[in-house]
1. Counting only residues that are surrounded by 13 or more Cβ atoms within 10 Å (Cβ to Cβ) and over 13 Å from the mean Cα position of the chain (by Cα), give me the helices (runs of 4 or more DSSP H) lying completely in segment 15-102 with at least 3 of them.
2. Which residue, of SER66, SER78, is among the hydroxyl-bearing types (Ser, Thr, Tyr), at pLDDT 85 or above and under 20 Å from CYS34 (Cα atoms)?
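The values are calculated or read from the model by the stated rules, or taken from the named source; none is laboratory data. None of these values were measured; they are calculated from a predicted model. Here the Cβ is made from the backbone with ideal geometry for all residues, glycine too, and neighbour counts use every protein chain on show.
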Amino acid sequence: MSTPPPFQEAAPGPIQSYMVWSILITIASLCFCCVIGTIPGIVAIVFSSQVNSKLAQGDHAGAQDSSRQAKLWCWITSGLCIVGVLFNVVWLLGGGAEHYMEMMQQIQNAQR
């Protein structure tokens, strides 16, 4: 009877940093949403940047945690960006642009 090989922990696989997603969604939220959507995007970038530095230090658990946090903040920023886009579409379709232009003309006329 042969003895089973000793238990070996599997080598950790690659951990995603979500850096590209966090940067792109932060830029998109800045364009389509507002500062409210951009702040969580910056948080996502911070957590994304921590993944590789923690891996370099040998902190695999910390890198996984930073990766999970980066993904969470990317999803939050994506949701806020979608809400911002929908709000802008509804605002434009509801006549918001015409109302804005009327307000600007009234301000210009009042300054004359």
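1. Where helices (runs of 4 or more DSSP H) fall fully within segment 15-102 and carry at least 3 residues being surrounded by 13 or more Cβ atoms within 10 Å (Cβ to Cβ) and over 13 Å from the mean Cα position of the chain (by Cα), they are 35-56, 60-93.
2. SER78
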